[in-house]
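Colleague: Before I ask anything, here is the structure I am working with.
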Amino acid sequence: MLTEKQISEIREHLDKAQNPLFFFDNDADGLCSFLLLARYAGKGKGVAIKSFPDLNQSYVRKLYELKPDYIFVLDKPLISKDFLEEARKLGLPLVWIDHHDVEIENFEDISYYNPIKQEKKSSEPVTYLAYRVSKRKEDIWLAICGCIGDNFLPDFIDEFAKKYRELWKQDIKTAFQALYETDIGKITRVLSFALKDRTSNVVRMLKFLLKVKSPREILIDEPKNHILFRFNQVNKKYQKLIEKARNFVSGKKLIYFQHGGDLSLSADIANELSYRFPGKIIVVAYMKGTKANLSLRGKGVKRITLEAIKGLKDATGGGHEDATGAKINIGDLSKFKERIEELIEQGF
Ligand SMILES: [Mn+2]
């Protein structure tokens, strides 16, 4: 948990910035963190980060294009050296808010906030921290979206449920239950899928979401609602993949599924499988070019992930205790899968 002092420091940075640029992870938590902070500040631009695992050098050009006076990086565990150097060269203050369990170098000129540094068991998503910073009650629904998208049910859930009864259901006990069974969950999935669109459409979506007054607007089924239109497009592909993935469920503890195509849906598929099939270890691979992007879910899956990528060439991986991502060469995929099977067998 960040202290009140840290929260007000972040607020001060936002107040000071004239033209902040927010780089955020390309998922519901990243997006909602950005929206909460930018809606509070009433200024600034957002860029979704598609590079993995780090915010890489390809984003340097955004600094020249958008000419910010402040950089905020949200929900991203790593920033490449080149990017940091460039930000430094331009004299831009950098505020980095994250919640992944990573060791990062201590740079004096970077304001780094991560609740895990105080308390290993901390698991609040960045959205939760951003909501503590912004404290805008009218944005509570965005705070809920970012939190449940990251499998976290925040302490202000009852307040939300009271205010938006029609977006909630009785007897919701877990974050993922909310994600898959309620209308606020559907809104979260809409936001997440709408990020998987052409850059120009994403920019348009961000503009809309910076202004939108009510969550209900997102679910209005009309032609000009491009966000919902995109969701329905992606969701069609997604549902087919989920159906396929279900065929790989067996008596074994591991559910392994891989897919290709133009859209990476591995994190979304892995999340839903982990909800539908509790107690399993889930591995979903998205194959693109020579690389496989992996999403893993399950109890203690971080240890398994790190062990399984050991020694594989150019492999990276990490994340949270029970939810990780990794990137490996496709040539190593079958070895990786074998290792995972062995590790599960050994009760690693
Ligand atoms: Mn994220």
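The values are calculated or read from the model by the stated rules, or taken from the named source; none is laboratory data. Computed from a predicted structure; not experimentally measured. Cβ coordinates were reconstructed from backbone atoms using ideal geometry, including for glycine residues, and neighbour counts include every protein chain displayed. When the accessible area is computed, the model is the full protein with side chains, heavy atoms only, and any ligands, DNA or RNA have been set aside. Shrake-Rupley method; radii C 1.70, N 1.55, O 1.52, S 1.80 Å.
Colleague: Within segment 278-296, work out how many residues are surrounded by fewer than 21 Cβ atoms within 10 Å (Cβ to Cβ) and aliphatic (A, V, I, L, M).
Modeller: Qualifying residue count for the region: 1.
Colleague: Does K280 fit the bill of being charged (D, E, K, R) and within 20 Å of the chain's Cα centre (by Cα)? Please lay out each step first, then the result.
Modeller: Details: charged (D, E, K, R): yes; within 20 Å of the chain's Cα centre (by Cα): no.
Against the criterion (charged (D, E, K, R) and within 20 Å of the chain's Cα centre (by Cα)), K280 does not qualify.
Colleague: Which numbered condition trips up G46, out of (1) part of a helix (DSSP H, G or I); (2) under 30 Å from F231 (Cβ atoms)?
Modeller: (1)
Colleague: What about D54, is it more than 25 Å from I187 (Cβ to Cβ), open to solvent by 20 Å² or more (accessible area, probe 1.4 Å), away from the ligand (no atom under 16 Å from the Cβ) and among the acidic types (D, E)?
Modeller: Numbers: more than 25 Å from I187 (Cβ to Cβ): yes; open to solvent by 20 Å² or more (accessible area, probe 1.4 Å): yes; away from the ligand (no atom under 16 Å from the Cβ): no; among the acidic types (D, E): yes.
For D54, the condition - more than 25 Å from I187 (Cβ to Cβ), open to solvent by 20 Å² or more (accessible area, probe 1.4 Å), away from the ligand (no atom under 16 Å from the Cβ) and among the acidic types (D, E) - is not met.
Colleague: Which pairs turn up if I take residues in segment 234-256 that are more than 20 Å from K280 (Cα to Cα) and look for partners that are at pLDDT 95 or above and aromatic (F, W, Y) with beta carbon separation below 9 Å, at least 6 apart in sequence or on another chain?
Modeller: Here the result reads V234/F193; N235/F193; Y238/F193, each pair linking segment 234-256 to a residue that is at pLDDT 95 or above and aromatic (F, W, Y).
Colleague: For segment 141-204, give me every one of the helices (runs of 4 or more DSSP H) that falls completely inside it and has 2 or more residues that are open to solvent by 70 Å² or more (accessible area, probe 1.4 Å).
Modeller: Details: elements: 157-163, 175-181, 183-194.
Those helices (runs of 4 or more DSSP H) span 157-163.
Colleague: Pull up segment 17-34, narrow it to residues that are away from the ligand (no atom under 14 Å from the Cβ) and outside any strand (DSSP E or B), then point me to the one that is farthest from the chain's Cα centre (by Cα).
Modeller: Q18
Colleague: With respect to the numbered conditions (1) surrounded by fewer than 19 Cβ atoms within 10 Å (Cβ to Cβ); (2) touching a residue at least 40 places away in the same chain (Cβ under 8 Å); (3) β-branched (V, I, T), which one is the sole condition not fulfilled by I104?
Modeller: (2)
Colleague: If a residue must be under 22 Å from A292 (Cα atoms) and of a type in the set (V, I, T), how many such residues does segment 21-63 contain?
Modeller: Number of matching residues: 1.
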